[in-house]
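Inspection log for the structure reproduced underneath, given as structure tokens.
The values are calculated or read from the model by the stated rules, or taken from the named source; none is laboratory data. Bear in mind the structure is a predicted one, so any value in this text is a computation, not a measurement. Note: ideal-geometry Cβ built from the backbone for every residue, glycine included; neighbour counts use all protein chains shown. Protein only, heavy atoms only, side chains kept; ligands, DNA and RNA dropped before computing areas. Shrake-Rupley method; radii C 1.70, N 1.55, O 1.52, S 1.80 Å.
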Amino acid sequence: MTTQRYFIELSYDGTNYHGWQTQPNAVAVQEVLDKTLATVLRQPIETVGCGRTDTGVHAKEFFAHFDVETIDDRPWTIDDRPWTIDETAAVVRSLNSILPKDIAIKNIFPVAAEAHARFDATLRSYEYHIHFNKDPFKTGYSWELRDKPDVELMNEAAVIIMQYTDFSCFSKSNTQVKTNNCKISNAEWLIKDDGIVFQISADRFLRNMVRAIVGTLLMVGRKEIEPETVRTIIESKNRSNAGMSVPACGLFLTQVSYPFVAER
């Protein structure tokens, strides 16, 4: 018996889920995906995700890896080799036919046995969406604000954020991570249609980090604090000094990059 490791690329609407990671008393995306993979492949499957999104957060691009045992009497594992293109397409179709409409499989492809969806990711990107006029088609996917913040001031503060690596002030406490250091490569606000979008990219993110950054930058945009105050907040390493955690509905994981996965 041998095993083959696969990467699976998916997207999901996080509205009805308590985040990505399986939990004992709540429905999570990982739990639904693992059960569906087990049904299609007829063997127990445990995925490992590229990260963990919080309750209500969406993912336009998300990767996980899983191992498939080669067993002769089970479908999709008939030979000691990776699936062909046609076989992979069949698995994707089967998964999508069973999964709920708010989870979609985009692709599955074989990787090296040591490839890891979480630890091998070199870049992650998020977007946070805000709109200013009531729009039923944005409900659940953007945060509605009444007053428009000063985008120029918020971008001044975003530049300051990129000068630091320790983001303890934007992290939930007791997260059991080894370090609160992250390398942010991009952070900026863009004006789009009837709203604004915050885009941020980094090698890794802390729990609740993006939502706390957005809440802090909005304090700047509302002229409650000066852009330079963000520097003081970061250097304090104290979560209570930063802004509120904005609602999850506006947050999307948009990109995850790997050195061995071609950009699409």
Zone residues, the range 233-264, relative to L123, backbone N less than 15 Å from point 7 Å out along Cα-to-Cβ: 254-264
query: How much of K106 can a 1.4 Å solvent probe reach, expressed as accessible area in Å² and rounded to 10?
result: 100
query: So what is the relative contact order for the range 134-213, in percent, with contacts set as C-alpha pairs under 8 Å and at least six apart?
result: 28
- prompt: Per the Cauchy relation, a quarter of the hull surface: what is the mean projected area of the convex hull of the alpha carbons in the range 116-192, in nm²?
  reply: 7.4
query: When only C-alpha pairs under 8 Å and at least 6 residues apart count, what is the relative contact order of the chain, in percent?
result: 23
task: With r as the distance between the Cβ atoms of S185 and K101 and R0 = 35 Å, compute the FRET efficiency 1/(1 + (r/R0)^6) and round to 0.05.
output: 0.55
message: Checking the a/c ratio against 1.5 first, then a/b against b/c, what shape does the Cα gyration tensor give for the range 117-264?
response: oblate
- line: Mean accessible area per residue over the range 124-264 (1.4 angstrom probe, all protein chains present, square angstrom) is 51
field: Separation of the F132 and A38 label points, Cα + 7 Å toward Cβ, nm
entry: 5.0
statement: Each label sits 7 Å from Cα toward the beta-carbon; between F109 and M1 the label points are separated, in nm, by 2.9
message: Could you tell me the calculated FRET efficiency between R239 and K192, based on Cβ-Cβ distance and R0 = 22 angstrom, to the nearest 0.05?
response: 0.15
statement: Expected vector for the range 195-203, Karplus 3J(HN,Hα) from phi with 6.51, -1.76, 1.60 and θ = phi - 60°, integer Hz, x for Gly and Pro, equals x, 9, 10, 9, 10, 9, 10, 7, 6
query: What is the gain in length, in nm to one decimal, between N25 and D67 on full extension, counting 0.36 nm per residue of separation less the C-alpha to C-alpha distance?
result: 12.5 nm
field: Label-point separation in nm, D150 to K178, each point 7 Å along Cα→Cβ
entry: 4.2
- line: For the chain, the percent of accessible surface on carbon and sulfur atoms (probe 1.4 angstrom, ligands and nucleic acids excluded) is 49
At q = 0.15, 0.19, 0.21, 0.26 Å⁻¹, base-10 log of I(q)/I(0) for the range 177-264 (Debye sum, equal scatterers on each alpha carbon): -0.66, -1.02, -1.21, -1.63
- prompt: Which translational diffusion coefficient, to the nearest whole µm²/s, is obtained for the chain from the Stokes-Einstein equation, given a Kirkwood hydrodynamic radius over C-alpha pairs, 25 °C and 0.890 mPa s?
  reply: 124
- prompt: Using Cα pairs under 8 angstrom and six or more residues apart, how large is the relative contact order of the range 117-264, in percent?
  reply: 38
